[in-house]
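Shown next, in structure tokens, is the structure this report addresses.
The values are calculated or read from the model by the stated rules, or taken from the named source; none is laboratory data. The model shown is predicted, which means the values in this text are computed figures rather than measured ones. Cβ: placed from backbone, ideal geometry, glycine included. Neighbour counts: every protein chain shown. Keep in mind that these areas ignore ligands, DNA and RNA; they rest on the heavy atoms of the full protein, side chains included. Shrake-Rupley method; radii C 1.70, N 1.55, O 1.52, S 1.80 Å.
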Amino acid sequence: MLIAQITDLHVKTPGKLAYGRVDTARFMADCIESLLALKAVPDVVLVTGDLVDFGEPEEYRHLRSFLDRLPMPLYLVPGNHDGRDTLRAAFPDHPYLPETGFLHWVVDEYPVRLIGLDTLVPGESRGELCADRLTWLETTLAASDRPTLIAMHHPPFQTGIGHMDRIGLTGAEAFAALLDRFPQVCRVICGHLHRPITMLMGRAIVSTCSSPAHQVALDLRPDADSRFMMEPPGFELHRWTGTGFLSHRAAIGTFPGPFPFFDPSGALID
Ligand SMILES: [Fe+2]
Ligand SMILES: [Fe+2]
């Protein structure tokens, strides 16, 4: 099973730029082109939040004009820039999304169990796993010991990038305790950080992912200011090997190549 993860798309209404300078729609179009150009076609695409910038219906309509080009199933979790109800309303053809309440979901039809966790707190940038959400997760994990991947927007660790940690995940310690209790969770994939970061928690590799648009500046000071960089955009590919996930980071864009290492006779080109 091959999972493509894209995150933090921040698509806006047509013609609008994020933060006055980032054409997230153009970056989204490039992202779709890169996904469609993959030689090994992903079985599913998982989107780990901040699908749009302000959670508005018109933004979701614009987002769909890009996502609807993908031929494989899509699974969505909300981020702090999303609206729970506007997201739900924009994707009525996504039956795994619950009709009310948190946008948590479980998909059991693949070799790995997929769980989507809603960490959204309306009107705030931080995320939260409150008692209700932790209870839902505990009950869901207790129901099956199949290998499991959890997708959520806010990562359950401190990154060292001060301004992002100040809008991190409330309830991260309780989530870590669940990872210790339920070792079938072998992978947790997150967004929010707009850059790739990896940490081991319990028996799970927990990671964040590049954005197809702007990246958070790599400033590891506790008092780091809120800044973004136009570093190379990307996404991730997570392949289930039967025993764990093998993850590849993919660059978005067009680049020279691929070039052969060997000539037609099989000799190394020197
Ligand atoms: Fe974001
Ligand atoms: Fe976010």
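Which translational diffusion coefficient, to the nearest whole µm²/s, is obtained for the chain from the Stokes-Einstein equation, given a Kirkwood hydrodynamic radius over C-alpha pairs, 10 °C and 1.306 mPa s? Once the numbers are plugged in, D ends up at 83 µm²/s.
Taking the Cα centre of segment 60-161 as origin, work out the dipole magnitude from +1 charges on Lys and Arg Cβ and -1 charges on Asp and Glu Cβ, in debye rounded to 20.
That gives a dipole near 300 debye.
For the pair residue 167 and residue 142 in one chain, pulling the backbone fully straight at 0.36 nm per residue adds 6.0 nm over the alpha carbon distance. Relative to the Cα centre, the charge distribution of the chain, modelled as +1 at Lys and Arg Cβ and -1 at Asp and Glu Cβ, gives a dipole magnitude of about 240 debye.
What do you get when you divide the Cα radius of gyration of segment 205-244 by 2.2 N^0.38 Å, with N the number of residues?
Values: Rg = 14.0 Å, N = 40, 2.2 N^0.38 = 8.9 Å.
This ratio for segment 205-244 stands at 1.57.
Once divided by 2.2 N^0.38 Å, the Cα radius of gyration of segment 1-127 becomes 1.03.
Contact order, relative form, for the chain: 19 percent (alpha carbon pairs under 8 Å, 6 or more residues apart, mean separation divided by residue count). Measuring r between the beta carbons of residue 177 and residue 249 and using R0 = 25 Å, the FRET efficiency lands at 0.30. Ligands, DNA and RNA left out, the accessible area of segment 1-133 computed with a 1.4 Å probe is 52% carbon and sulfur.
A 1.4 Å probe over all protein chains sorts 152, 230 by accessible area into 230, 152, starting with the largest.
Rg then Dmax, both in Å and based on the Cα atoms of segment 101-190: 13.0, 39. Quote the FRET efficiency, to the nearest 0.05, computed for residue 108 versus residue 223 with a Förster distance R0 of 45 Å and r equal to the Cβ-Cβ distance. So, using R0 = 45 Å, E works out to roughly 0.50. Comparing 35, 163, 125 along the charge dipole axis of segment 2-251, the residue lying farthest to the positive side is 35, per the Cβ-charge model. Taking each DSSP H run with n ≥ 4 as -39500 (n - 2.57) and averaging over every residue of the chain yields -6000 deg cm²/dmol at 222 nm. Here the calculated FRET efficiency for residue 19 and residue 94, from their Cβ-Cβ distance with R0 = 30 Å, stands at 0.55, rounded to the nearest 0.05.
Each DSSP beta bridge with both residues in the chain is either parallel or antiparallel, and the antiparallel ones are about 50%. When the Cα positions of 208, 22, 172 are compared along the charge dipole of the chain, 208 comes out farthest toward the positive end, with charges on each C-beta of Lys, Arg, Asp and Glu.
Across the chain, the longest piece that holds none of the chymotrypsin sites (Phe, Trp or Tyr not before Pro) lying in DSSP loops with up to 12 other C-beta atoms within 10 Å covers 20-260.
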